[in-house]
1. Which of (1) within 11 Å of another protein chain (Cβ to nearest Cβ); (2) assigned to a strand (DSSP E or B) is the odd one out, the single condition A:P144 does not satisfy?
2. Can you tell me how many residues in region B:259-303 are under 23 Å from B:G17 (Cβ atoms), of a type in the set (A, V, I, L, M) and over 19 Å from the mean Cα position of the chain (by Cα)?
3. Please tell me if B:D320 is surrounded by fewer than 15 Cβ atoms within 10 Å (Cβ to Cβ) and at pLDDT 95 or above.
4. Scan B:R3, B:R18 and give me the residue that is over 13 Å from the mean Cα position of the chain (by Cα) and open to solvent by 20 Å² or more (accessible area, probe 1.4 Å).
5. Do we find a residue being under 17 Å from the mean Cα position of the chain (by Cα), among the β-branched types (V, I, T), more than 11 Å from chain B (Cβ to nearest Cβ) and crowded, with 18+ Cβ neighbours inside 10 Å anywhere in region A:148-169?
6. How many of the residues making up region B:46-72 are assigned to a loop (DSSP other than H, G, I, E, B) and either open to solvent by 10 Å² or more (accessible area, probe 1.4 Å) or among the polar types (S, T, N, Q) (or both)?
Amino acid sequence: MLSGARVVPLGDASLLIDLGGGIDATTHGRVRAAFSALSAAALAGVHEIIPAYTSVAVQYEPSMHVRGGTAPFDEIRRLVLDVLANAGEAPAESGRIFEIPVNYGGEAGPDLEYVARHTKRSAADVVALHAAAEYTVYMIGFAPGFPYLGGLSPELATPRRASPRQSVPAGSVGIAGAQTGIYPLETPGGWQIIGRTTERLFDPESDPPTLLRLGDRVRFVPVSTS
Amino acid sequence: MIRVARAGLLTTVQDTGRRGVQQHGLVAAGAMDSAAHRIANLLVGNAPAAATLECTMIGPILEFAGDALLAIAGADLGATLDDRKAPLWRPLVAHRGTVLAMSGPRSGCRAYVAIAGGIDVAPVLGSRATDLIACIGGLDGRKLRPDDTLGVGAPAELSERIRAAIDTAPGRARSAGRSLLPAYMSEPIVRVVRGPEHDRFSKTSCERLRDSAFEVTPQSNRMGIRLVGAALSLAGPYDLFSSPVTAGTIQVPPSGEPIVLMADHQTIGGYPRIANVISVDLPLLAQAPPGAHVRFREVSIAEAQSLYVARERDLRIFGDSLRFHYS
């Protein structure tokens, strides 16, 4: 089912599976199918499987795939392609839907006015459009528990800030290009911040330590602090 | 137990890093020079995954509250034990009141202090490594501060045999031979394999990567070594979807100045990946200070992995030889 995938080295202890496509639901389905099949296969020496928009990385211990005459990469590539060829359809959606309460605008969303001007809408319209969609978590990365969400209305697309802020508060909800996401930790950042949530996306004491994962659905619910 | 009299520039508890967490967006962290970290542990009879102290440039001053077996590996940061020069790459004995001090870098950047029993901090998500971005692991998720105290785990039986052997006869101490160490040099030549976007770069850029020297800038840190030199550029416009990266990935932002990702690298990157440093040469970059010049040499994946497997075997044999020597 995933036999068109290209597998290349990502250094000498990791490989990259390129599934092609783009940032869309079909490609996401293929990513989830690959991630699920590889996780279940539990190939020897594989200690990390990292899904992304159109690719999946597999980190492995080369010493565990030494075969006379072939490089460990060639051996594990063969095993990975085999798993992908036999992969079933993407499992049914994770079934989890999260409602994330967001305080939009004001001090919590210092870039809401900028996004409104850029998209030629009122701030209230931007909020309504942002909260109307149901988003899919396409991948987690950049920071612990940071969700790359698919499904942002193209009408809300706004370029990143010309220069990033030194510090964006944890829980900030932002837009960058055609992407929307939530900052789980206080970090520097270049996204346009339109609101903030008190929901904790990352908790090292929990297992797993992140609230969201691949395939979850997210809705933003406007709340007011007044 | 150890008291931190002076913390040094950036001293953190590290081990071999956090596994299985990158899919959640957490960095692996761990020792920048994993070879020095592991050899230091082997020298004192620790498992390779035991936690050590990674000392950066200006090292700490530590006071020992009791007897301990330790080893220092990696950079020469001017280490002394009770004001006497402390040799690297061999086990040493400290007693109650012994002071380990580091004056400043003579060569390299990062020194590892391994103590028999390992640094005793609570593991977080399976590792004792300090994650300075998520602020977890190590000692309260941060670098050491003055007046911190560090516990040490119970030493293994092998460690006790080593300590007993060298306390009475220091000449019995077994050190790590030169051939076991990475090929540290002040102007390192670092081997790389091609990255996923290598062929998207201009022919000139690919040649520049191989033929020119790049300088390590002061903006380099545990997340990545930022280099400056001949600018690298793509052959044509190319929209790269955010994609996984790994330690050693050489990514090229629009500025053309390559960044080599290291221990605290973010899990996903958006810049094209021209090449990837091979695992056995990452220690060379970990020890390259700002101002050092780095050159790259391309090797095949087969050669890179042959070197990887050989290093694992050499470290295993070294561990076995120590067990035999002190038996």
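The values are calculated or read from the model by the stated rules, or taken from the named source; none is laboratory data. Source: prediction; values computed, not measured. Neighbour counts run over all protein chains shown; Cβ positions are idealised from the backbone, glycine included. What goes into the accessible areas is simple: the full protein's heavy atoms, side chains included, and nothing from ligands, DNA or RNA. Shrake-Rupley method; radii C 1.70, N 1.55, O 1.52, S 1.80 Å.
1. Here A:P144 clears every test but (2).
2. 3
3. Values: surrounded by fewer than 15 Cβ atoms within 10 Å (Cβ to Cβ): yes; at pLDDT 95 or above: yes.
Considered against the rule, which asks whether it is surrounded by fewer than 15 Cβ atoms within 10 Å (Cβ to Cβ) and at pLDDT 95 or above, B:D320 comes out as yes.
4. Numbers: B:R18 fails: open to solvent by 20 Å² or more (accessible area, probe 1.4 Å).
Selected residue: B:R3, the only one of B:R3, B:R18 that is over 13 Å from the mean Cα position of the chain (by Cα) and open to solvent by 20 Å² or more (accessible area, probe 1.4 Å).
5. no
6. In the first step, residues of region B:46-72 are kept if they are assigned to a loop (DSSP other than H, G, I, E, B); the result is B:46-51, B:57-60, B:65-67.
From what's left, either open to solvent by 10 Å² or more (accessible area, probe 1.4 Å) or among the polar types (S, T, N, Q) (or both): B:46-50, B:57-58, B:65-67.
Residues that pass the stated criteria total 10.
Per-residue answers, yes or no, for (1) among the basic types (K, R); (2) under 22 Å from the mean Cα position of the chain (by Cα); (3) open to solvent by less than 40 Å² (accessible area, probe 1.4 Å):
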position: B:P146; (1), (2), (3): no, no, no
position: B:G153; (1), (2), (3): no, yes, yes
position: B:L158; (1), (2), (3): no, no, yes
position: B:A176; (1), (2), (3): no, yes, yes
position: B:P182; (1), (2), (3): no, yes, yes
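This table checks each residue for (1) aromatic (F, W, Y); (2) closer than 30 Å to A:L185 by Cβ.
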{"residue": "A:A52", "(1), (2)": "no, yes"}
{"residue": "A:M64", "(1), (2)": "no, no"}
{"residue": "A:I76", "(1), (2)": "no, no"}
{"residue": "A:A87", "(1), (2)": "no, no"}
{"residue": "A:V102", "(1), (2)": "no, yes"}
{"residue": "A:E113", "(1), (2)": "no, yes"}
{"residue": "A:K120", "(1), (2)": "no, no"}
{"residue": "A:A123", "(1), (2)": "no, yes"}
{"residue": "A:F142", "(1), (2)": "yes, yes"}
